[in-house]
Every structure is written in C-alpha cells, then in structure tokens.
Amino acid sequence: MSERFVSVRVQGEQGVALALQALREIGVPRACIEVLSDVPLPEAVLGGAMKATKLRRFTFTGLVVGLATGVFFSIGTLFLYPVLVGGQPVYFAPPNIIIIYELTMFGIVAATAAGFILETRRVKGGPRPYWPAVSHGETHVVVEVPPDLVATRIRAALLARGAEPVEPEEQLP
Amino acid sequence: MPDPLQPPPNWSVEQPPAPSIPPTEASPEEEARALTATGVVALPAATEAELGTVDRALEARVFGSMETISIRYVLVMMLLLAIVGVGLVAWGWQLYHGIGVTGKRRPVFWGLYITSFVFWIGISHSGTLVSAILRVLNVEWRRPLTRVAEAMTLFALMIGGLFPIIHLGRAWRFYWMIPIPNERGLWPNFRSPLMWDLLAILTYITASSLFLFFPLVPDLAAARDRSRGLRRRLYRMFSLGWRGTQQQWNRLHLGMRIFTIVVIPIAVSVHSIVSWDFGMTQLEGWHSTVFAPYFVIGAIYSGVAALITVLVVVRRGMHFEDYLTLRHLDRMGKVLLAVAAIWFFFWWAGFLTDWYGGNAEAKELQRVHAFGAMAPLFWTMIAVNVALPFLTLWFRRVRMSPAAMLVISLLINVGMWIERFLIVVGSPIRNALSFDWGSYRPGWPEVAIASATVAAFALLYLVFSKTVPLISLWEVKEGWRVDRWRRTGVIEVQSDVPVVEPSSAAGVATAEVRA
C-alpha cells in the first residue's frame with residue numbers, strides 16, 4: 001500500500017518557504033500541502049493564502065436566520081396572539097427593532113461559532129498526522145501524496161532543502 | 001560544497017538568482033511575499049533561536065502557574081467557598097420564606113439585587129469591549145492581557161445574570177421569559193424592557209463566551225499536548241482537534257475578525273438596554289434620554305477599573321510580571337483617566353440640566369442626594385469617582401505602581417457601585433407622589449447574596465486560572481514574531497504601532513514592551 005502522507009520537520013519560516021518552493025517545483029498541488037506551526041505564519045512566508053474557509057457563508061446564513069427569527073418573534077407572534085389593549089396598536093415598531101437587532105446579532109454569533117467548530121473538527125479524508133511538539137515550537141510540513149506522484153520523490157525534494165523526516169506520533173481530526 | 005541534506009549555517013548568505021526579484025513597482029507587501037516565497041529574503045536564524053528560548057520560558061511560566069497549587073491558593077478558595085455558601089443559604093432562606101425577607105418595600109422595589117445586576121453587567125463590559133477595541137486597532141500591547149479581560153467579562157456576566165432570577169423571588173418561574181408558545185397562548189411580552197434585557201444578555205454572554213473560547217483553542221491544544229489523564233481528555237475535547245495548520249489559523253483569524261466587529265455593538269447595546277429598564281419609566285432620576293450613553297460609559301469606567309484590579313492580582317499572584325508589565329498598568333491607567341473624564345462629563349450633563357431646570361421633583365432628589373440621607377454615599381462617590389482619578393492618575397509614578405493602581409481601581413469600583421445604588425434606590429425614595437416617599441434598608445439575605453457574588457466571581461477566576469492559560473500563548477508568540485516580520489519586511493511595516501521586543505538575558509524571557 002502506498003504512503004498517504006509525507007511529513008517533514010523544517011526550521012522556522014525560512015524552512016517553510018524552501019519546502020513550499022521544493023513542492024511547487026515538483027508539481028504538488030497547494031491543496032495537498034499543510035504547514036503545522038504554533039503561531040500563524042504570514043502569507044508572505046507561505047507564498048499566498050492557504051485553503052479558503054467557508055466561515056463567511058456561515059456568518060451570512062446566521063444573519064439571515066437571526067433576522068428572520070427576530071421578525072417572527074417580535075412581529076409574527078403579535079399577530080398570532082394579538083393582545084388588544086384599548087387605543088394601543090397590535091404592532092409597535094420601536095421595541096421590535098431591539099428584539100430584531102439582538103436576535104440578528106445572536107444569529108451571526110451562533111452561526112459563526114458553529115461554522116468554526118464544524119470546519120475545525122470535520123476534516124475531509126479523516127484523521128491526519130500530528131505531533132505534540134508542534135504546539136511547543138516545531139514547524140512541520142505534511143503533504144498528502146497526490147495520485148500522480150510518489151512519496152519517495154516528494155520526500156527527496158524536501159530533504160534536499162534541509163527538511164528532516166518525521167513519523168506521525170498521533171492522528172487528529 | 002554544502003551538504004544538501006543539511007540547512008546552511010546562515011540562511012542570510014544564500015542568495016537566489018536575479019530573475020526571481022519582483023518588479024520595483026509592486027507594493028512592499030507584494031514584494032515581500034514574492035521574495036520570501038522564492039527564498040530571496042533570508043530570515044535571521046539567530047533570532048529564531050532566541051525566540052525559541054523566550055517561547056519556552058513563556059510556556060514554562062504559564063503552564064507552571066496552572067499546574068501548581070499553593071497553600072495560599074487553597075486557603076483563599078476555602079474562604080471564598082464559605083462566603084458563597086453563606087450566600088446560597090441566604091438565597092435558600094429567601095426562597096423558603098418569600099421575597100418579604102428582603103428590604104424591598106414601597107416605594108423601593110428594586111433594591112440591592114438590581115443595583116448589583118447593573119454593577120456586574122457594567123463590570124462585564126470592559127473585558128470584551130477593551131479587548132475588541134484593542135484588537136480592531138491592532139494594538140500590539142494588548143496581547144498578554146486580552147484573555148485576562150475576556151475571562152473577566154464572562155464571569156461578571158454569569159454573576160450579573162443571576163440577579164434578575166434572584167430578584168424574581170419565585171425563581172422557578174424564570175422559564176416564562178423563554179419565548180415558547182404554550183396552550184394558553186401566553187408568549188413573552190416583547191414590549192417589556194425586561195424581555196429586551198433577557199435577549200441582550202443572552203446574546204452578549206454567548207458572544208463573550210465565544211470571543212474568549214475562539215483564541216483559547218490553540219492554547220488548549222498546547223495544554224493537551226503536555227498533559228495526561230482526565231485533563232488531557234478534556235483539553236482534547238475542547239481543542240476541537242486543533243493541529244495548527246495554516247488553514248486553521250486562517251479560519252481563527254477570520255472568526256476573530258468577525259467576532260471583534262460584532263461584539264462591540266452588542267456590548268454597547270447591552271448596557272443601553274439595561275439603562276432603558278430605568279429610562280423607559282416616568283420616574284424622576286430615571287427618565288432620561290442621556291441614560292444609554294451614560295450607562296455605557298459608566299460600565300466601561302467600572303470595567304476598566306475592575307480589569308486593572310484583576311491585572312494587578314493576576315500579575316502578582318501568578319508571577320506574570322514579565323508579561324503583564326508595568327507599562328500595561330501605565331497604559332490602562334491612562335485609559336482609566338480618559339474614561340473617568342468622559343463619565344464625569346455625562347454625569348455632570350445630567351446633574352446640571354436637572355438643577356438648572358428647576359423642576360421641583362428633580363431639585364428635591366438632588367437635595368436628598370447631596371444633603372439628605374444619601375449625602376455620605378453621594379460625596380463618597382464624587383470623591384472616589386471624580387477627585388481620586390484626577391488627583392492621582394495624571395502621574396506616571398502612580399500609574400506604574402501596582403499597589404496604588406490596585407487601591408485606586410478598587411475604590412473606583414466602590415464608587416461605581418454607590419453610583420448604581422443612588423440611581424436604583426436613590427430615585428424612587430423621592431417619587432412624584434410625596435405621600436409615597438420612603439427609605440430603603442436591605443435585608444440580611446440581600447447583603448449576604450450580594451457579598452457572595454463578589455466571592456463567586458473571585459472563585460470562578462481562581463478555578464479558571466488553574467484550568468486554562470491566562471495569557472494567550474500564541475498571541476504573545478505571534479507578537480514577538482510580528483516585530484521580526486516587520487523588520488525583515490515579511491509583513492507591512494506599521495511604524496505607528498509599538499514594538500514588542502523579546503530580549504533574552506541568560507535564557508530568561510523578558511517581554512518588555514517599548515514604544
């Protein structure tokens with residue numbers, strides 16, 4: 001069975017830049033590369049933005065759902081259960097604006113959080129290699145071997161740029 | 001010929017071929033990106049090693065403080081638990097005998113409980129708000145103190161949110177506030193400011209919890225990777241499978257940007273709505289159009305003071321002197337002074353307008369406050385909320401003194417609690433019906449419960465301090481690198497932003513912040 005992942009340890013941002021350059025040169029697609037570090041690296045080191053996130057879509061969905069819920073609670077229920085008080089309208093705008101505002105904000109917050117948690121926990125293709133040392137300063141590059149390349153070639157290209165081979169210590173989603 | 005399997009001894013000597021140099025008309029950021037991606041820009045390897053040293057020192061300090069429990073800690077916990085226990089007994093007493101055991105009588109129906117509610121919601125303001133504003137402005141010195149502030153917000157909200165339930169008397173009927181239809185067709189009355197309160201606090205506590213939790217995830221992963229047993233299982237669950245991939249960092253940054261933008265208007269709305277609990281009535285002293293901004297700035301005032309108190313205690317108690325530096329206190333002192341001035345402006349605007357207007361009820365209210373039964377409280381408030389900050393915080397020496405800042409911040413919060421008391425209790429005692437004038441004396445359950453909540457806040461904070469890193473490790477580490485990235489041109493240079501410079505003397509981390 002062929003290797004699914006090639007993992008190496010690199011030294012700092014310079015090591016990351018060199019490893020990514022090596023991978024680009026042999027034609028490894030960007031989507032197959034992961035750089036693990038204990039701090040976020042700037043795009044300049046990575047040579048551009050990494051895989052896009054769908055978090056904004058969650059946020060926008062939350063906004064729409066929150067707004068709809070706010071409108072339903074504050075306006076819909078008034079007509080579902082009208083309380084008729086002499087001289088007072090069934091519908092009244094100012095307090096409803098507050099309810100709609102708060103529920104819209106709640107929708108944004110809840111949906112963004114849900115999106116963050118879902119995207120972080122659910123990784124396509126199942127668990128992936130991990131090293132506890134990453135949390136404490138090591139930087140690792142993990143390559144999911146693409147179908148048209150072999151692991152040995154990827155590994156050789158990385159080692160030629162100063163990376164050190166490592167074996168995964170555990171798997172995380 | 002160097003060994004291709006080994007990194008060169010000094011990256012800076014490796015020069016790439018000329019064609020990879022980007023055109024000169026590109027922006028500095030584009031240039032940096034292109035240069036670094038092709039290996040043209042060499043980052044100094046020595047600095048990487050230095051940063052590794054200070055990173056390890058930071059982790060050792062923060063995790064060390066989490067993993068050790070001193071006798072003093074245990075004694076303080078026991079004392080706080082005892083006070084909370086007395087508060088719980090008092091609440092049980094109130095539930096059994098009814099709300100009559102409190103001092104709430106005509107004309108004062110909102111006594112110590114609502115005073116404490118407003119006070120704690122105010123305290124909750126500053127943590128998240130200060131953190132969010134500093135994040136929006138990309139202020140570098142925020143990094144070590146954001147989590148201390150955000151945790152304060154969450155615990156203050158949890159405590160504050162209890163008071164309306166305690167105040168209800170029949171606390172088990174709280175669920176009537178939840179918007180669920182029932183067979184009688186009774187939905188909550190969305191016209192009621194109490195309903196606005198519920199939704200606003202619910203939204204704020206959700207947003208504040210997540211605002212605290214999101215940047216905590218990488219640090220929980222770090223804690224997971226160095227712990228065992230039950231702790232490890234818990235950290236593993238809450239770290240959401242964090243591996244530190246750049247996609248995850250990217251998502252975290254985006255999530256924080258969204259939250260930072262959303263949480264500021266939420267925070268402002270919460271205390272505005274709390275102020276409208278009062279402002280929507282016809283009572284003199286409450287019915288005021290300036291109440292919303294006045295309450296918001298009052299909340300920020302008491303919150304900043306509380307944050308300084310917590311900073312001083314955490315700094316000393318957990319030995320974070322290298323990270324929560326005197327310069328942080330200095331800057332927070334300046335913020336406190338500025339907020340004190342704004343708060344005084346709003347207070348004075350309301351006071352002067354009432355006095356000059358000559359309305360009989362307003363003048364009587366002012367007389368009772370300044371020269372009547374409330375005078376000691378009123379003048380204490382003026383002394384500690386107005387005179388104290390203006391006489392002390394102008395001086396850098398005071399702002400740089402943890403002991404002085406602790407005393408000042410505590411006194412300001414005493415003053416802010418009195419200010420809330422004067423509003424909540426001091427207004428209805430002189431209402432529009434002179435035959436209904438009266439006074440208020442809290443019952444023992446009110447005093448016990450209000451005191452217990454202060455202990456509960458401290459208790460929650462103590463437990464939190466042993467559970468998660470109180471300093472955001474990755475943000476501090478990132479801050480140190482941001483400085484280097486700016487110097488090497490990897491990211492855009494912002495010359496107006498203070499630089500965080502890690503200096504390593506004999507391997508000891510000293511995170512001094514210099515402007």
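The numbers here are math on the coordinates, done by the rules we state, and not lab data. Predicted, not measured: the structure shown is a model, and the values here were computed from it. Virtual Cβ from ideal backbone geometry, glycine too; neighbours counted across all protein chains shown.
Across segment B:190-202, not a single residue is classified as surrounded by fewer than 19 Cβ atoms within 10 Å (Cβ to Cβ), under 25 Å from the mean Cα position of the chain (by Cα) and of a type in the set (G, A, S).
If I filter segment B:70-79 for residues that are in contact (Cβ under 8 Å) with a residue 40 or more places away in the chain and surrounded by 18 or more Cβ atoms within 10 Å (Cβ to Cβ), do I get at least one hit? No - not one qualifying residue is present in segment B:70-79.
A:G27 satisfies every condition listed in (1) at negative phi; (2) more than 24 Å from the chain's Cα centre (by Cα); (3) more than 9 Å from chain B (Cβ to nearest Cβ) except (1). Just so you know, in segment A:145-167 the residues that are of a type outside the set (G, A, S) and within 12 Å of chain B (Cβ to nearest Cβ) include one that is farthest from A:S7 (Cα to Cα), and it is A:R161. Only residues that are free of Cβ contacts under 8 Å to residues at least 40 places away in the same chain and either more than 9 Å from every other protein chain (Cβ to nearest Cβ) or not β-branched (V, I, T) (or both) were counted across segment A:97-117, and they come to 7. Scanning segment A:46-96 for residues being of a type in the set (G, A, S), in a helix (DSSP H, G or I), under 30 Å from B:N250 (Cα atoms) and at the interface with chain B (Cβ under 8 Å from one of its Cβ atoms) gives a total of 0. Taking every residue in segment B:325-341 that is more than 12 Å from B:I412 (Cβ to Cβ) and pairing it with any residue that is surrounded by fewer than 19 Cβ atoms within 10 Å (Cβ to Cβ), at least 6 positions away or on another chain, the pairs with Cβ-Cβ distances below 6 Å are B:L326/B:M400; B:D330/B:M400. Checking each residue of segment A:119-132 against the condition of being among the aliphatic types (A, V, I, L, M), within 30 Å of A:L36 (Cβ to Cβ) and either surrounded by 12 or more Cβ atoms within 10 Å (Cβ to Cβ) or more than 10 Å from every other protein chain (Cβ to nearest Cβ) (or both) gives at least one match. For A:P40, the test of being of a type outside the set (A, V, I, L, M, F, W, C) and closer than 26 Å to B:L212 by Cβ is passed. Of the set (1) more than 28 Å from A:L18 (Cα to Cα); (2) in contact with a Lys or Arg (Cβ under 9 Å, 6 or more places away or on another chain); (3) hydroxyl-bearing (S, T, Y), all apply to A:T120 but (1). Among the residues making up segment A:118-147, those that are touching a residue at least 60 places away in the same chain (Cβ under 8 Å) and assigned to a loop (DSSP other than H, G, I, E, B) are A:W131, A:G137, A:E138, A:V145, A:P146.
Taking the numbered list (1) in contact (Cβ under 8 Å) with a residue 24 or more places away in the chain; (2) on the phi < 0 side of the Ramachandran plot in turn, B:G285 passes all entries but (2).
Residues in segment A:34-43 include none that are without any contact (Cβ under 8 Å) to a residue 24 or more places away in the chain, farther than 29 Å from B:M237 by Cβ and loosely packed, with under 15 Cβ neighbours inside 10 Å.
Being of a type in the set (A, V, I, L, M) and facing chain B (nearest Cβ under 7 Å) is a property that holds for A:V39. All told, B:I166 falls short of being among the hydrophobic types (A, V, I, L, M, F, W, C), within 12 Å of chain A (Cβ to nearest Cβ) and under 28 Å from B:Y461 (Cβ atoms).
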